[in-house]
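No value in this document is a laboratory result; all are computed from the given coordinates. All values reported here derive from a predicted model rather than from experimental measurement. When we count neighbours, we look across all protein chains shown, and the Cβ atoms used for this are built from the backbone with ideal geometry, even at glycine.
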Amino acid sequence: MTIRHRPTKNTVIFGAAAAWGLLLISCVAVNRTMLAPPFIAGATFVGNKECMECHEEKTGHFGSATHAKVTLADAKLGSTGCEACHGAGSLHVKAGGTKTTIVNPMKSPDTCFQCHLEKRGEFSLANSHGVLTGKMGCGDCHNPHEGNMVRGKGASMESANETCTTCHTAQKGPFTFKHNAMKEGCVSCHNPHGSVNQKMLVARDANLCLSCHLETATRSGIILAGGEDHRTRIQGGTCWSAGCHEAIHGSHASPALRY
Ligand code: HEC
Ligand code: HEC
Ligand code: HEC
Ligand code: HEC
Ligand code: HEC
Ligand code: HEC
Ligand code: HEC
């Protein structure tokens, strides 16, 4: 082709399956629907090695990343894990690295939805983080370039509360009276992607709390939590209503988690 190609923002678009057909997908998860990687008009795949030349801070620990196993295997190229998310890199490499010749998934979650389509649904729910509106990116909570995707210091995403408390400082503590549920991570009560329930809670009523607090009752019909029968209390509203346990993340005033 001899048509001069001037790369603009619009040249980086999604969804062309044609170039994709040339490559084989070797993937750990066979039950995941694979669509095309981000499409960059006129570009071809070059392989991870090329990226290493200029982006050592991203390639250095990539071997430990979950997505390092999600590669487009091609005998001539070797592994192209970077390009699965960033699109084919030939034009970018040729230009010595320009923003208009490569996809940055932080600007649009579409790259991630190619393989995690069900997440688009979660982020469309009534209560969700503003990823679809561009206020946030998947990369605010996930680090695709290293380890098991955790941002922050926790060993697992489930317990990596630091990921959340960098933005949500009010829930960080330290509190005089801790709620030990926090040890199990914010995700024991919140779905960080989205939920039909207010505040992205995983349950809308007492079940949120009783999943951990339901004690074996000696008499049938009793709802025992914290050693006390909660039958009438539960009819009065949610457990985190005013006057009950409204300081649910931790309290400075009361061991019963009140303000
Ligand atoms: C010749 C050096 C070079 C190579 C090789 C290279 N890059 Fe880059 N890349 C750069 C430079 C320089 C920038 C910064 C551009 C800017 O800030 O304007 C960049 C920026 C990027 C960005 C950020 C774009 C944005 O919108 O912020 C991504 C993503 C990226 N490169 C991915 C890759 C991938 C994937 C490969 C391998 C296919 C690769 N690069 C190969 C030099 C290179
Ligand atoms: C699972 C998808 C995914 C894979 C695979 C992936 N990246 Fe990224 N990349 C992202 C996301 C999301 C961001 C934006 C968030 C961030 O900076 O961590 C990003 C950002 C970048 C940036 C820009 C960073 C900046 O400072 O703005 C570069 C450069 C980059 N990636 C290079 C690479 C290279 C090289 C590889 C392969 C070793 C790679 N990426 C593999 C998703 C991915
Ligand atoms: C080419 C397909 C593909 C793309 C693109 C992709 N993923 Fe994945 N992702 C996978 C597969 C396959 C797994 C393997 C785990 C599994 O079986 O679910 C995975 C796993 C994950 C996990 C779980 C990590 C773990 O260690 O358990 C997270 C989080 C994730 N991806 C986020 C992202 C984000 C964020 C993006 C966009 C920046 C992205 N993915 C882009 C295919 C992909
Ligand atoms: C507000 C923080 C946050 C944002 C933004 C976020 N995630 Fe997550 N994600 C998490 C946490 C925390 C977990 C671990 C959840 C768990 O273990 O219950 C997780 C788990 C995952 C998993 C693996 C487990 C699963 O549910 O399948 C995938 C895949 C994933 N995220 C994809 C994405 C994609 C794609 C985006 C962007 C469209 C994204 N995430 C944005 C916090 C976030
Ligand atoms: C990059 C900053 C950022 C990170 C990281 C982040 N959040 Fe958020 N969160 C927000 C913003 C901003 C909102 C307000 C809703 C919106 O506009 O997206 C919000 C809203 C919420 C809400 C609902 C509050 C309401 O009033 O409805 C909950 C609950 C929440 N986040 C929990 C979490 C959890 C759990 C994590 C970690 C897995 C997390 N957030 C990580 C920025 C962040
Ligand atoms: C034991 C369950 C539980 C755990 C664990 C938990 N939360 Fe919450 N969170 C709640 C409940 C219940 C609400 C609703 C409170 C209300 O509506 O007054 C809430 C509300 C929120 C809100 C909205 C605050 C507001 O003023 O509207 C944010 C933000 C939030 N949580 C972040 C977090 C973060 C970050 C973590 C982890 C560090 C976390 N939560 C852990 C139960 C929990
Ligand atoms: C992930 C498990 C888990 C969830 C969910 C959970 N908690 Fe807890 N909670 C604990 C643990 C662990 C303790 C500390 C051990 C204990 O005292 O039983 C605790 C302690 C408490 C205490 C202090 C009890 C005392 O006497 O010191 C109150 C009050 C409490 N939780 C209320 C709630 C409410 C209300 C909810 C729902 C919004 C809730 N918890 C959800 C695990 C959980």
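Structure values in brief
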item: Listed peptides 98-104, 40-46, 115-121 by packing density, highest first (mean Cβ within 10 Å); result: 40-46, 98-104, 115-121
item: Projected-area average for the stretch 163-251 over all orientations - Cα convex hull basis, square nanometres; result: 6.6 nm²
item: Under 18 Å from Lys135, Cα to Cα: lysines that are on another chain or at least 8 residues apart; result: Lys107, Lys119, Lys199
item: Gyration tensor verdict on the stretch 62-182 (Cα atoms; rounded if a/c is under 1.5, prolate if a/b is larger than b/c, oblate otherwise); result: prolate
item: Protection proxy ranking of 83-89, 122-128 - average other beta-carbon atoms within 10 Å, highest first; result: 83-89, 122-128
item: Radius, Kirkwood style, for the stretch 131-171 when every pair of distinct Cα atoms is counted (Å); result: 10.8 Å
item: Distance from the stretch 182-234 to the stretch 44-67 (C-alpha centre basis), Å; result: 44 Å
